[in-house]
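Below: one structure, written as structure tokens.
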Amino acid sequence: MAAGIRPAHSVHPDRWRVALTIYVVGGVCVGLVCRPLSMWAASSGIRPGVGTFLCVNALMPTLAVVAALYYPRARVATIGAFLSSVCLYLTMRLVQFLDIAQWTIRATIVDVEPVLVAATVGYIILAMITSVAIQPWRVVALPDAHLRCESCGYLLLGLSKPTCPECGSPCKTIPPIPDS
Ligand SMILES: [Zn+2]
């Protein structure tokens, strides 16, 4: 179906909190399963690095795509994908070094592997592309966005002139006042 024939489904703008929670909780969850998955892979005779490989190259990209589909706004996708990577790293580190009192800021930063930095850039790009690509079908907007000025959000019901009284932008259509 071509874009534009069917109106895009609107996602309420307030859902950014839920979206960031998905990124954060997702990153923590992947961080938690990474070590058991690696141990399972090692004990099953599969290459030991497979667990980490799956987490970094399959689970985290899936999380970036799913969360960006849920809330398709590029800025939230960027912040969210970055947060998910930070949560992945910190959780993996916590699983490895449970005694958080021994952690130092310097060691925590130095221990970040370059491959994770590269992967993080990849997650951010993936989440941004997904959020832009889905916008013909899913947009972050108020449910009555089609009744409002595209520039300032002013409610345009029943205007006499095709100009927004709030900001002066031209209106494509003037929505009629619904019968009550
Ligand atoms: Zn306006």
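The values are calculated or read from the model by the stated rules, or taken from the named source; none is laboratory data. Bear in mind the structure is a predicted one, so any value in this text is a computation, not a measurement. Counting neighbours? That spans all protein chains shown, and the Cβs are built from the backbone with ideal geometry, glycine included.
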Looking at 171, 164 in this structure, which one is surrounded by 12 or more Cβ atoms within 10 Å (Cβ to Cβ), over 32 Å from the mean Cα position of the chain (by Cα) and outside the structural domain of residue 16 (by TED's automatic domain parsing)? 164
Being surrounded by 12 or more Cβ atoms within 10 Å (Cβ to Cβ), within 17 Å of residue 125 (Cβ to Cβ) and either at pLDDT below 95 or touching a helix residue (DSSP H, G or I) at 6+ places or on another chain (Cβ under 7 Å) (or both), is that true of even one residue in segment 8-25? yes
Here are the criteria: (1) within 16 Å of the ligand (Cβ to nearest atom); (2) touching a Lys or Arg at 6+ places or on another chain (Cβ under 7 Å); (3) among the polar types (S, T, N, Q). Tell me which single one residue 151 does not satisfy. (2)
Filter result for residue 118 (within 16 Å of the ligand (Cβ to nearest atom) and among the aliphatic types (A, V, I, L, M)): no
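For every residue, the table says whether it meets (1) away from the ligand (no atom under 16 Å from the Cβ); (2) assigned by TED's automatic domain parsing to the domain that holds residue 13; (3) loosely packed, with under 15 Cβ neighbours inside 10 Å; (4) in contact (Cβ under 8 Å) with a residue 24 or more places away in the chain.
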{"site": "99", "(1), (2), (3), (4)": "yes, yes, yes, no"}
{"site": "131", "(1), (2), (3), (4)": "yes, yes, no, yes"}
{"site": "134", "(1), (2), (3), (4)": "yes, yes, no, yes"}
{"site": "157", "(1), (2), (3), (4)": "no, no, yes, no"}
